[in-house]
């Protein structure tokens, strides 16, 4: 038997175990009930979600079906547009082909019509020629009969023998042959002139190539630079004493104006101008400016310039290898070192003309040394033309004659510009060499203002003629091109206008070398093909 204590303990354990079991059973029941409750709710939710999924799937399917339908319609429209473009392109090509075929058909029709007209014309011309030929044959027969009759009558009237008739016939043949000979002679003469012109061009070009001397275009100094405008007052001096003393001693005009930094020296005599410029530069550099000093410097410079004149003249004579020249002639040639023409130094121009003349003369079988002498002295009158009245050819010829020069040098000096008739072959040779030296590129130059005025005057002269529409001065004023209105001016009038323009340019303008006048008359027919 168990003790009460143990019994109580066992009873307590049993109660605990039973309570635990009961709790477990209750928990299981509660859990089962809760699971049943949760399972019911989950099923409801699952059904609801399934319904939503089905609904969304149906909506997506519907949307995708609509999208597929729209894409199909878009592709169908694109294909339709592409097909329509291709069809339009094919239709355009067909229309263009049809237009070209129609145009070609019209062209063929016109050509056929033209050919028909030409064939008709040729047929008419053939008939006309045939009838003309028949008429000519008939006339030839009549003429032959008439000639025979006239011959018989001539024999009867003149009672000419066979020999006399033969002589008369020979005379007629001789007359006819003489006319043919005259034509042939004229043709030979024209051919000879062309050959001579060609030979002259070759000789001139060879002369230019053989004498290619360096030529410096010098410009006569007209202004003197001063260090400051205060120097102008010192040059003028008190009450103008210094400037009056300078002008009187140098023989020039001094212009002191508002132009900054320069003083202008004006004088027609280029030697006196050179003396004045050199003296003024020395006085400015020296700084002492009073009448006595001015006269001293000018006399000193005059002596030096005169010595340099002789030196330039002698150097040029040695360069050209000339002998027997009078010292006065040498001095005159030296003065031309200070003379320029359109910027071309006259002394260097004379030396150049001398050598060109020698080359041309030797090519023609003439005396080259004499031609060189003539060319060197041809412009000697320019050394004193400012001191005497008249042109430099006449002044130079008288001066050279006074100091021992003979023909043909005198004729060249007086006639190289055509003032007197030529008496020897050397005058036209020097004229050609003078033109070559003056007109070659780079030999001469002129101020921009005078250049523009000359071009403007040249164009204005050309535009003054009736029928001229445009005129252009080209090649630095050595040529003027004139455009004529073809509807108002004919070909024969074009030659007359060119001659008249050239004459007016020669009479009214001053220019180096020569000016070529080219008149153009053009007729343009313009049509547009469509």
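At a glance:
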read-out: Qualifying residue in region 419-426 (condition: assigned to a helix (DSSP H, G or I) and either surrounded by fewer than 23 Cβ atoms within 10 Å (Cβ to Cβ) or touching a strand residue (DSSP E or B) at 6+ places or on another chain (Cβ under 8 Å) (or both)); value: no
read-out: Condition check for residue 489: buried (at least 17 other Cβ atoms within 10 Å of the Cβ) and either in contact with a helix residue (DSSP H, G or I) (Cβ under 6 Å, 6 or more places away or on another chain) or without any contact (Cβ under 8 Å) to a residue 24 or more places away in the chain (or both); value: no
read-out: Single residue of 478, 521 found to be touching a helix residue (DSSP H, G or I) at 6+ places or on another chain (Cβ under 6 Å) and either closer than 14 Å to residue 457 by Cβ or surrounded by 13 or more Cβ atoms within 10 Å (Cβ to Cβ) (or both); value: 521
read-out: So residue 270, is it over 19 Å from residue 232 (Cβ atoms) and exposed (fewer than 15 other Cβ atoms within 10 Å of the Cβ); value: no
read-out: Any chance residue 274 is in a helix (DSSP H, G or I), under 43 Å from the mean Cα position of the chain (by Cα), under 30 Å from residue 241 (Cα atoms) and assigned by TED's automatic domain parsing to the domain that holds residue 392; value: yes
read-out: Residue within region 280-287 that is assigned to a loop (DSSP other than H, G, I, E, B), within 26 Å of residue 388 (Cβ to Cβ) and in the same structural domain as residue 331 (by TED's automatic domain parsing) present; value: no
read-out: Qualifying residue in region 337-353 (condition: at pLDDT below 85, over 24 Å from residue 429 (Cβ atoms) and assigned to a helix (DSSP H, G or I)); value: yes
read-out: Residue within region 259-271 that is in the same structural domain as residue 237 (by TED's automatic domain parsing) and in a helix (DSSP H, G or I) present; value: yes
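Per-residue answers, yes or no, for (1) within 16 Å of residue 437 (Cβ to Cβ); (2) at pLDDT 85 or above; (3) assigned to a helix (DSSP H, G or I):
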position: 361; (1), (2), (3): yes, yes, yes
position: 366; (1), (2), (3): no, yes, no
position: 371; (1), (2), (3): yes, yes, yes
position: 374; (1), (2), (3): yes, yes, yes
position: 387; (1), (2), (3): no, no, no
position: 390; (1), (2), (3): no, no, no
position: 395; (1), (2), (3): no, yes, yes
position: 400; (1), (2), (3): no, yes, yes
position: 410; (1), (2), (3): no, yes, yes
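The values are calculated or read from the model by the stated rules, or taken from the named source; none is laboratory data. Just so we're clear, the structure is a prediction, and the values are computed from it rather than from any experiment. Cβ: placed from backbone, ideal geometry, glycine included. Neighbour counts: every protein chain shown.
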